Amino acid sequence: MTAYMLWFANQYNGFRVSTHHFLCCLQEFESLASLLAIDYQYIEEPSDKVCVHCDALLNSDTTLIPRQPFILFTSDAADTQLERLMSRTVLARSLYELWTNSGDLQQFYDDLRHSPNTQLSQYRSASFRIQVEGYNRKLSTQTKVEKIENIAFLPFDGKIDLKSPENSFHLFEYYGNNPNEIPDKPFQILFGRHIGDSNRKNVSNFSLKDRKFIANTSMEPMLALLMANIAKVSAADLVLDPFVGSGSLLVSAAYYGAYVMGTDIDYLLIHGLTKPSRAGVKTRDTDESVLSNLRQYNLQNQYIDVVIADSSQPFWRTSAPTLKLDAIITDPPYGKRESRERVGSQRQYKIPEELVEGHIPSKVEYSLCDIFRDLLDFSAFHLKVGGRLVFWIPFDKSNTNFDIRSECHPCLRVISMSEQQLSSYMSRILISVEKFKEYTQMSDSCVQRTHNKFINDSQKYN
Ligand SMILES: C[S@@+](CC[C@H](N)C(=O)[O-])C[C@H]1O[C@@H](n2cnc3c(N)ncnc32)[C@H](O)[C@@H]1O
């Protein structure tokens, strides 16, 4: 078994916060490892994977402490397999084969001197470079050079090549997470061989600035890719976004080879007829659509269709045999920048026969608890067993009742939840659930519990 260190990017640190029961950064890694059949074992079980604080998922009294910026694991996987994993992850930055992990400098020199890796012939004669980095402490160039000189005992005879070496080695000093209490000496000194970088470098190719068709709440490309990763989307999968909007989530799923489709209640938006969402632009182009977005990235062959439909209505075929979905990734409306509505009326009336054709139904408010319950039940029915639903819900920090771990649906289990701060009183939570058995209906008590969880929020977001 080889030891590895996966280093996370310093962005979306809320996804590394220790009060959460299920961490997104681990979840992205674990989802991709499972998708690519990579066996691994954590060297130190990430201690904050399970919350010790309270029954509620997010307790506003609890201090949020981001976890370490890396995880250590062992695996038998080949470098090429791990490179494939890295080519998809967006929360991680780089992966290293871990040679030493030491608590102080003297121990580090001893560990590195005795590391069996240093004796391997493939490293001894190959070109190389060594990079030094401090986490939570900036190291001057001179300090870095001194640290490299201090490990000149490494038996590498190859050429030093700073641009494109055959092997790149990295020395990390970890000074904890608290910028207000930076210790003189690092807590951990880690040394490893660079295996691969993550997919972050490609994220800017999907920038919303250059996207053909955007809406008011188009999802940032990084988060869209993250959702597809946690949903374990892979080539030839069938993926649905039932609140599709401008289709940002379909772009990421199609990028990973899935066939994609969506529904949305907003006819004008889906036909590119709403007011432009881009600042300073007066009119939309005539061909703005979800399909144009896919064309922009040469992904049009992955497009199935986008249908104008109300997600609260059971318009999908339910009689067996039905085609099961591999994943559902979606960002339902919060009622802030996109209205939450469904077809309905407060009054009972019958539309006269002659007006039925071309009738545009009236709409009523679609409450958060109804959206949540419908989405879970729809997913429990239409996903294949093992398929995942990954979605966002808005979260009011004053609602300490929120906790969907306890039986969100009899056929779905919660895989991960991570919070993204939107303001001091509001955030949104990225939730992933997996279907683990064939469909059975939600019990009345389960529906009631869902309702109770959201009742405060529904009043807030109205
Ligand atoms: C947060 S936006 C989705 C944004 C989308 N992810 C994107 O990248 O553009 C929510 C979408 O849900 C749609 N929506 C609202 N109520 C709906 C309903 N009952 N059925 C289907 N779509 C609905 C809205 O029209 C809006 O486009």
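The values are calculated or read from the model by the stated rules, or taken from the named source; none is laboratory data. Keep in mind the model is a prediction, meaning the values are calculated, not measured. Please note: Cβ atoms are built from the backbone with ideal geometry, for glycine as well, and neighbour counts cover all protein chains shown. For accessibility, only protein heavy atoms count, side chains too; no ligands or nucleic acids. Shrake-Rupley method; radii C 1.70, N 1.55, O 1.52, S 1.80 Å.
The residues listed here are Y12, Y4, Y42; of these, the one that is of a type in the set (S, T, Y) and at pLDDT below 85 is Y12. Close Cβ contacts (under 8 Å, 6 or more residues apart or on different chains) running from residues in region 235-251 that are in contact (Cβ under 8 Å) with a residue 12 or more places away in the chain and near the ligand (Cβ under 8 Å from one of its atoms) to residues that are part of a loop (DSSP other than H, G, I, E, B) and basic (K, R) comprise S246/R211; S248/R211. Restricting attention to region 309-331, the residues being modelled with pLDDT under 95 and near the ligand (Cβ under 10 Å from one of its atoms) number 5. Condition check: more than 12 Å from the ligand (Cβ to nearest atom), surrounded by fewer than 21 Cβ atoms within 10 Å (Cβ to Cβ) and either over 27 Å from Y96 (Cα atoms) or in the same structural domain as D157 (by TED's automatic domain parsing) (or both). Does P276 satisfy that? Criteria met by P276.
Screening G387, G335 for residues that are modelled with pLDDT under 80 and under 25 Å from C408 (Cα atoms) leaves exactly one candidate, G335.
Based on this model, can you work out whether C408 counts as in contact with a Phe, Trp or Tyr (Cβ under 9 Å, 6 or more places away or on another chain) and modelled with pLDDT under 90? When the stated conditions are applied, C408 passes them. Restricting attention to region 175-194, the residues that are at pLDDT 95 or above, of a type in the set (A, V, I, L, M, F, W, C) and open to solvent by 10 Å² or more (accessible area, probe 1.4 Å) total 0. Among the residues of region 292-316, the ones that are aliphatic (A, V, I, L, M) and open to solvent by less than 40 Å² (accessible area, probe 1.4 Å) come to 4 in all. When K212, K185 are checked against the criterion of being in a loop (DSSP other than H, G, I, E, B) and not assigned by TED's automatic domain parsing to the domain that holds L26, K212 stands alone in meeting it. Among the conditions (1) more than 16 Å from the ligand (Cβ to nearest atom); (2) outside any loop (DSSP other than H, G, I, E, B), I371 misses just one, which is (1). The residue that is nearest to the ligand (Cβ to nearest atom), among those in region 208-226 that are closer than 16 Å to S198 by Cβ and open to solvent by less than 10 Å² (accessible area, probe 1.4 Å), is A224. Given the options F172, F153, name the one that is assigned by TED's automatic domain parsing to the domain that holds P69, surrounded by 16 or more Cβ atoms within 10 Å (Cβ to Cβ) and among the hydrophobic types (A, V, I, L, M, F, W, C). Answer to the check: F172.
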